[in-house]
Amino acid sequence: LLGFLGTISRFLDKPLGVLIISRSGAGKTTLQESFCSFVPEEDLNQYTRISEKVLFYKGEEGLKNKVLALEEEDGMDDASYAIRTLQSSQKLTSSITKSDPKTGRMMAEEYSVHGPVFIVISSTNPDALDYETRNRFIILTIDESKKQTRKIIEKVKEKYTLEGMRSDARKDQTLKKYRNMQRMLKPLKVVNPYVSQLEYSFDRLQMRREFDKYMTLINTVALFHQYQREVKHDKVGGDYIEVTPEDIAVANDLVLEFFPNSTDEMAPHTRSFLSELTQMVK
């Protein structure tokens, strides 16, 4: 759900970003592909590897309101600076020198790429990305327990049955409906009339970014319901919709579940191991 809402946040001025971390074979790529499958094909840029400069030449609106999905962190080593800049400022600019074909003289040519763009990256490295890049993302992990493995095996078994065949057919129809629904969504300003009542921890410097992610998540839930909300108009700000208490409740559930991963000094699976070790010692 958090990943799905992340893809919807691409219609806001400053979208969320998601980093999925797990061991090899746990299902990180499957998770990424799952919520990316709801995105219309024309809005999805999915790569296994990108070069250092490729994002700078995407065209001014080549990534606007799009999803950028990178299947492995190793495939973006050379482009980490561009990714960090894009996630932070939602804009890339570059200037190169080239020869004028008419005069032969060297001249400067500028390229700009504008978001907003939702970025999702998966990795097997528990310390994926440098610190500056990492703390711009919400970190998701995969349940690697035996109980979850049993559930997955049962689901795999079902794929080879008649009911599994029917389920796949229904899945295709459902995804088609959601893609068409996303095609109907449009960028729209969101106002939160309850913001003065919201409290958030401020004991660490990183909370400055974390609180902004929290507010973006709330606005994303509201934006997703834009056709169920009254569109209001302000003479200065233009058209907008308002956040409801229900939007905040959805966001709060997700924040309590996942946001601690982003502020923990330990990688999620390291923290889980420490917790189990502590219980054994006790």
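The values are calculated or read from the model by the stated rules, or taken from the named source; none is laboratory data. Since this is a predicted model, take the numbers as computed values, not measurements. Every residue, glycine among them, receives a Cβ derived from its backbone with ideal geometry; neighbour counts consider all protein chains shown. Areas reflect the complete protein model, heavy atoms only, side chains present, ligands, DNA and RNA absent. Shrake-Rupley method; radii C 1.70, N 1.55, O 1.52, S 1.80 Å.
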Restricted to the chain, the DSSP antiparallel beta bridge percent, nearest 5, is 35 percent
Rounded to two decimals, the Debye log10 I(q)/I(0) of the range 1-156 (Cα scatterers, no solvent) at q = 0.10, 0.11, 0.18 Å⁻¹ is -0.40, -0.47, -1.05
Output row, site Lys155, 7 Å Cα→C-beta label point, backbone N cut-off 13 Å, window the range 15-42, residues 26-35
Interchain or sequence-distant (5+) residues whose placed amide H lies within less than 5 Å of the amide H of Leu140 are Leu19, Ile20, Ile21
PRE zone check, label point 7 Å out along Cα-to-Cβ of Glu109, amide N under 17 Å, scope the range 39-63, hits 53-61
So Gln279 and Val54, fully extended at 0.36 nm per residue minus their Cα-Cα distance, gain in nm 76.2 nm
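Where both residues lie in the range 43-154, what percent of DSSP beta bridges are antiparallel, nearest 5? Kindly include the intermediate steps, with their values, before the conclusion.
Working: 9 of 18 bridges.
Here the antiparallel bridges make up roughly 50 percent for the range 43-154.
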Rounded to one decimal in Å, the inverse mean reciprocal Cα-Cα distance for the range 1-90, i.e. its Kirkwood radius, is 13.7 Å
Expected max-MSF residue from Val231, Val156, Val191 in the GNM of the chain (alpha carbon, under 10 Å) is Val156
With R₀ set to 30 angstrom, the calculated FRET efficiency between the beta-carbons of Asp143 and Met184, to the nearest 0.05, is 0.35
Taking only C-alpha positions in the range 135-268, Rg and Dmax in angstrom work out to 19.7, 59
Across Ile138, Ile248, Ile152, the residue with the highest GNM fluctuation in the chain (Cα network, 10 Å cutoff) is Ile152
Of Leu162, Leu217, Leu68, the most mobile residue in a GNM of the chain (C-alpha springs, cutoff 10 Å) is Leu162
Cross-link reach from Lys157 to lysines, straight Cα distance under 27 Å and at least 8 residues apart if same chain, gives Lys28, Lys146, Lys147, Lys171, Lys176, Lys177
Honestly the range 41-90 on the Cα gyration tensor test (a ≥ b ≥ c root eigenvalues; a/c under 1.5 rounded, otherwise a/b vs b/c for prolate or oblate) is just oblate
Mean accessible area per residue over the chain (1.4 angstrom probe, all protein chains present, square angstrom) is 59 Å²
Eigenvalues of the alpha-carbon gyration tensor of the range 114-191, times 5 and square-rooted, give semi-axes in Å, largest first, of 31, 26, 9
One finds the C-alpha centres of the range 185-203 and the range 103-146 to be spaced, in Å, by 25 Å
Between (i) 1.01; (ii) 0.97; (iii) 1.28, the structure-derived Rg/Rh (Cα atoms, Kirkwood Rh) is (i)
Per its Cα gyration tensor (rounded if a/c is under 1.5, else prolate when a/b beats b/c, else oblate), the range 192-258 is best filed as prolate
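For the chain, calculate the relative contact order in percent as a whole number, restricting contacts to Cα pairs under 8 Å that are 6 or more residues apart. Don't jump to the answer; show the numbers that get you there.
Values: 416 pairs, mean separation 65.6, N = 282.
Here the relative contact order equals 23 percent.
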From the cross-link list Lys66/Lys189; Lys91/Lys213; Lys58/Lys213; Lys53/Lys186, the entries with a Cα-Cα span beyond 21 Å are Lys58/Lys213; Lys53/Lys186
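Any idea what the dipole of the range 137-282 comes to, in debye rounded to 20, about its Cα centre with Lys/Arg Cβ at +1 and Asp/Glu Cβ at -1? Before the final figure, lay out each step's value.
Values: 25 positive and 22 negative charges, 158 e Å.
Roughly 760 debye, rounded to the nearest 20.
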For Thr30, placing the label point 7 angstrom along Cα-to-beta-carbon and taking the range 158-177, residues whose amide nitrogen sits under 19 Å are 158-172, 175
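Of the heavy-atom accessible surface of the chain (probe 1.4 angstrom), what whole percent is carbon and sulfur?
Details: 8650 of 16630 Å².
Roughly 52 percent, rounded to a whole number.
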